[in-house]
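Shown next, in structure tokens, is the structure this report addresses.
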Amino acid sequence: MIEHNNKNYVCPLDLGFEIIRGKWKSIILFNLYESSKRFLELKRAAIGVSPKVLTDNLKQLESDGLINKVVYAQVPPKVEYSLTQKGEDLISALTIIQNWSKKYYLNIK
């Protein structure tokens, strides 16, 4: 057993999937890999996500150290999100899963 943030995990793979679990986290990470984005840019990219769910996912990704949030002191407020090194390191694993999905499931009718 592995303990992380007062939760137990069966193995490192279980822990890793817990961190990226959910419909929107991988989409957010892939969009931030291209460049830093503002909230509305991420909302447009994640078609169908509600503002609350996007906000919750961004907070979780920031808490897990995968993204940075920069708040600029201006009116109106400007906030940008970008990947940390830890987040960038995860992109290669997500790309492998994406390619596997394309190979085996993209043509299912």
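The values are calculated or read from the model by the stated rules, or taken from the named source; none is laboratory data. Keep in mind the model is a prediction, meaning the values are calculated, not measured. Here the Cβ positions follow ideal geometry from the backbone for every residue, glycine too, while neighbour counts run over all protein chains shown. Surface accessibility is based on the protein's heavy atoms, side chains included, excluding ligands, DNA and RNA. Shrake-Rupley method; radii C 1.70, N 1.55, O 1.52, S 1.80 Å.
Helix 85-105 and the longest principal axis of the Cα set of the chain meet at an angle near 50°. Rounded to the nearest 10 degrees, what's the angle between the helix 25-34 long axis and the longest principal axis of the chain, both from Cα atoms, 0 to 90? Approximately 60 degrees, to the nearest ten.
Enter the accessible area per residue of the chain (Å², integer; probe 1.4 Å; all protein chains in place). Please list the in-between numbers first.
Details: 7720 Å² over 109 residues.
Result: 71 Å² of accessible area for each residue.
Here the contact order of segment 1-106, divided by its residue count and restricted to Cα pairs under 8 Å and six or more residues apart, works out to 23 percent. Placing a label point 7 Å from the Cα of CYS11 along the Cα-to-Cβ line, no residue of segment 82-109 has its backbone N under 12 Å from it.
In the chain, the longest principal axis of the Cα atoms and the axis of helix 51-63 are about 70 degrees apart.
For a straight C-alpha distance cut-off of 25 angstrom, the lysines reachable from LYS43 (same-chain residues fewer than eight places away being disregarded) are LYS23, LYS25, LYS52, LYS59, LYS69, LYS78, LYS86, LYS102. Sorted into 5 angstrom bins from 0, the C-alpha pair distances of the chain split as 2, 11, 20, 21, 19, 13, 9, 4, 2, 1, 0 percent.
Placing ARG44, ARG21 in order of accessible area, with the largest value first and a 1.4 Å probe, yields ARG44, ARG21.
Determine the share of the chain's accessible area contributed by carbon and sulfur atoms, expressed in whole percent, with a 1.4 angstrom probe. Could the numbers behind the result be given before it?
On the way: 4330 of 7720 Å².
That fraction is 56 percent.
For the chain, the 222 nm mean residue ellipticity estimated from helices alone, with every DSSP H stretch of n ≥ 4 adding -39500 (n - 2.57) and the total spread over all residues, rounds to -17000 deg cm²/dmol. Of VAL10, VAL79, VAL70, the order by accessible heavy-atom surface (1.4 Å probe, DNA, RNA and ligands excluded), from most exposed downward, is VAL10, VAL70, VAL79.
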